[in-house]
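As structure tokens, the structure follows; a few thoughts come after it.
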Amino acid sequence: MPGKTLLEKILAAHGAGPLPAPGEPLSIPIDQTLTQDATGTMAFAQFEALGAPRVRTRLSVSYVDHNTLQTGFANADDHRFLRTAAARFGAVYSPPGNGICHQLHLERFARPGETLLGADSHTATAGGMGMLAMGAGGLDVALAMAGERFSVPGPRLVKVNLSGRLSPWVAAKDVILELLRRLSVKGGVGKVFEYAGPGVAGLSVPERATITNMGAELGATSSIFPSDAETRRFLAAQGRAEDFTPLEADPDAVYDEELALDLAEIAPLAARPHSPDNVVPVSELSGLKVDQVVIGSCTNSSYKDLATVAKILEGRKVHPETSLVVAPGSRQVLLMLAEKGLLRHFIEAGARIMECACGPCIGTGQAPGSAGITLRTVNRNFAGRSGTADAGVFLVSPETAAAAAVTGVFTDPRGLGEAPSIPMPEKFPRHDGLFIFPEADSCNVEILRGPNIKPLPLGRPIEDTIEGEVLISLSDNVTTDDIMPAGAHILQFRSNVPAISRYVFSRMDPGFAERAEKAGGGFIVAGENYGQGSSREHAALAPLHLGVRAVMALSFARIHRANLINFGILPLLFDDPADKNRIAAGDRLLIPDAGPRLLLEDALTVVNETRGARFSVRLDLNDEERRAAAAGGRLNLYRERAGAACAAPFS
Ligand code: MIC
Ligand code: SF4
């Protein structure tokens, strides 16, 4: 018997091994869940519809960090709903201002060896602490809160052997940018990345978390670091020494793929607009004028990140033609900067200090000027996500961002002299009082809603014959930001699917919603990796509201594919990739006998009535997915199984 990988050890400890063949369902018991407000209102509404009286996980935390800009009542009402729902159902509530879910989870709750499912694609951040942490749609998280296992296609395992140490001015962000350069945004789809080798010991837990965070940009199912002496130190400094358990892959563990990365060879890197894998050395961009610098997000807002920036700013001023925006990841980070006298460097240099929240990362404020060049320590640079359609967003490390903030142009930080050295603190200030922990007896807690919180939409069972128009035909790597854009003016409708559906594809094709409604719904046609990016199930729910019944693509991103199935939209794969180019927007398609065949067969025939042609598509669904798709989604399936006995106040 060969030894076990980190993933296999975690699964075995949960009675969930052995690993199935790649693509076959892997069903995992979930210890912890996290939700954030932009996905959480739906997740809690779904949890309520499932009828479970209280969460059955060991820990569920409901964070508010995305929609903290309260330009009207909607977001504040969502916060109140989430606070009361957490109290009612036994979840911990983290109010707005506390910080970004992934940063806070790492500080307060992540535990080596446990499993975490989060309604946010960057949940794998906690893999930096030796957890099996995965992003999912809100319904999957609601089901996990109700005690159901999470099912994911069995992954291929990739071992990343790290050697050497990072050179001065080179950061963990550069490590993951290097992997994105090599592997692309599709390179991790269907895979779990495990980090190993002598280079691991030299990386602190927050640095590891930067790397696992952006595993999401590789499309990976999860990314995991071992739990070692460094993990123990971090947990002890957080006052959580008792949460430590060591975790290490066996030396003879078997992987599907291996790759080697010498940390000493990595140079400062930047991902150019508009994709995280469009990576070049910073030195190639030297001198390019920079209008804005944003430092923060769940990728790079730890104490070490911000203390490094503070040290770079010390005694310097932000360039007069550049705006520097800083959003600390948590109150703990902000407090430490204050206590260590580092906050003053931000203030004196002229930084604009924001709330501890996602903020500019998700386009809630601080949109750059027209055609602006903005350097951000965030993880995504999709076109338009910053709030400015023609802005150019570059993804960089905090070091590279700070260098540009003071010079006003792209600058290789290695030219700035001696690099700041920030030791990991021996003790972090702990403020558990800022979370609201649930009472044991919560039956009488009233859940408060506002007028913008609308009933939860349910999918409808697949009809015998599916027919409709091709509403849009797209190329490769379409993101969930393309499908369902974010930004403050749209995010406020996350609890109101009819209202948010007006914005489906609004950046790419402003007439889409109207056309879809006029056509009475129809099909979306797409290329490879459709739905890459976030976990937002609104990218399925809103098209569902507009009548979309199926997406035909060359391949799908994991979370979005699951979200489509969860709400009864069929994710269909072209049998012959060339067929994609034989259909065009406006064609009328018909899938005869779809309903009856869905449960039995893998192949469906599509008739293109406009062109008098036929082609075949594959479903590639496992049994559970097949039943969910036929029933119009997993919520319907669950309710059918529960004999529709559960209360469903939202449907
Ligand atoms: C993102 O970074 O795109 C988000 C906003 O955090 C999303 C979740 C959402 O859309 O609410 C994610 O990454 O899953
Ligand atoms: Fe928030 Fe940005 Fe992280 Fe998403 S990627 S959780 S919006 S900070």
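The values are calculated or read from the model by the stated rules, or taken from the named source; none is laboratory data. Please read these numbers as outputs of a predicted model, since none were measured by experiment. Note that each Cβ is placed from the backbone with ideal geometry, even for glycine, and that neighbours are counted across all protein chains shown. Just the protein is used for accessible areas: all its heavy atoms, side chains included, with ligands, DNA and RNA removed. Shrake-Rupley method; radii C 1.70, N 1.55, O 1.52, S 1.80 Å.
If each Cα of the range 396-537 is one equal point scatterer, what is log10 of I(q)/I(0) from the Debye formula at q = 0.12, 0.18, 0.20 Å⁻¹? At q = 0.12, 0.18, 0.20 Å⁻¹ the computed log10 ratios are -0.87, -1.12, -1.25. Using 0.36 nm per residue and subtracting the Cα-Cα separation, the extra length available between Ala585 and Arg182 on full extension is 141.7 nm. Along the range 161-177 the Karplus relation, 6.51 cos²θ - 1.76 cosθ + 1.60 evaluated at θ = phi - 60°, assigns HN-Hα couplings of 7, 9, 10, x, 10, 5, 6, x, 6, 9, 10, 4, 4, 5, 5, 6, 5 Hz to successive residues, with x for each Gly and Pro. Checking the a/c ratio against 1.5 first, then a/b against b/c, what shape does the Cα gyration tensor give for the range 341-477? Because a/c hits 1.5 or more and a/b fails to exceed b/c, the range 341-477 counts as oblate. If you plug the beta carbon distance of Ala241 and Ser27 into 1/(1 + (r/R0)^6) with R0 = 35 Å, you get a FRET efficiency near 0.60.
Could you provide, to the nearest whole Å², the per residue accessible area of the chain with probe 1.4 Å?
Numbers: 21860 Å² over 651 residues.
That works out to 34 Å² per residue.
For a paramagnetic label modelled on Val254 (point 7 Å from Cα along Cα→Cβ), amide N atoms under 14 Å away belong, within the range 130-161, to 157.
Just subtract the alpha-carbon distance of Leu600 and Lys427 from 0.36 nm times their residue separation and send over the number in nm, one decimal. Before the final figure, lay out the partial values.
On the way: separation 173, 0.36 × 173 = 62.28 nm, distance 5.85 nm.
Taking 0.36 nm per residue and subtracting the Cα distance, the gain is 56.4 nm.
In this rough spin-label picture, where each label sits 7 Å from Cα along the Cβ direction, the Ser167-Lys340 distance is 2.5 nm.
Ordered by 1.4 Å accessible area with all protein chains kept, Lys518, Lys311 run largest first as Lys518, Lys311. The Cα atoms of the range 1-85 give a gyration tensor whose axes a ≥ b ≥ c have a/c of 1.5 or more with a/b greater than b/c, which makes the shape prolate.
Coupling constants for the range 541-552 follow from the phi torsions by the Karplus curve (6.51 cos²θ - 1.76 cosθ + 1.60, θ = phi - 60°), and in residue order they are 4, 6, x, 4, 4, 7, x, 5, 9, 7, 10, 9 Hz; glycine and proline get x.
Could you look at the chain and say what percent of its accessible area is carbon and sulfur, using a 1.4 Å probe and all protein chains?
51 percent
When the Cα gyration tensor is reduced to axis lengths a ≥ b ≥ c, the ratio a/c is 1.5 or higher for the range 224-343, and with a/b not above b/c it is classed as oblate. Amide H contacts of Ser323 (H built 1.01 Å from N, in plane; Pro and chain starts excluded): Gln292, Val293 sit under 5 Å, all sequence-distant by 5 or more or on other chains. Annotation: amide H-H contacts under 5 Å for Leu570 (H modelled 1.01 Å from N, sequence separation of 5 or more, or interchain): Ala550, Val551. Counting only alpha carbon atoms, the long axis of helix 303-313 and the longest principal axis of the chain meet at about 50°.
Can you divide the C-alpha Rg of the chain by 2.2 N^0.38 Å and report the result to two decimal places? If you can, show how the numbers build up before the last one.
Values: Rg = 23.6 Å, N = 651, 2.2 N^0.38 = 25.8 Å.
Working it through for the chain, the quotient is 0.91.
For the range 349-355, putting each phi into the Karplus relation 6.51 cos²θ - 1.76 cosθ + 1.60 with θ = phi - 60° gives couplings of 6, x, 6, 9, 9, 9, 4 Hz, in residue order, rounded to whole numbers and with x for Gly and Pro.
Based on the Cβ-Cβ distance of Ala76 and Ala267, what FRET efficiency does E = 1/(1 + (r/R0)^6) give at R0 = 60 Å, to the nearest 0.05? Working shown, then result.
Numbers: r = 45 Å, r/R0 = 0.76.
So the FRET efficiency works out to roughly 0.85.
In this structure, the pairs whose alpha-carbon distance is over 30 Å, taken from Lys9/Lys186; Lys186/Lys518; Lys186/Lys427; Lys304/Lys454; Lys173/Lys427; Lys173/Lys289, are Lys186/Lys518; Lys186/Lys427; Lys304/Lys454. Each part reduced to its alpha carbon centroid, the range 393-454 and the range 214-243 end up 16 Å apart. Scaled against the 2.2 N^0.38 Å expected of a compact globular protein of N residues, the Cα radius of gyration of the range 48-177 reads 1.23.
Could you give the size of the charge dipole of the chain about its Cα centre, using +1 on the Cβ of each K and R and -1 on the Cβ of each D and E, expressed in debye and rounded to the nearest 20? It would help to have the intermediate numbers written out before the result.
On the way: 63 positive and 73 negative charges, 220 e Å.
Here the chain has a charge dipole of around 1060 debye.
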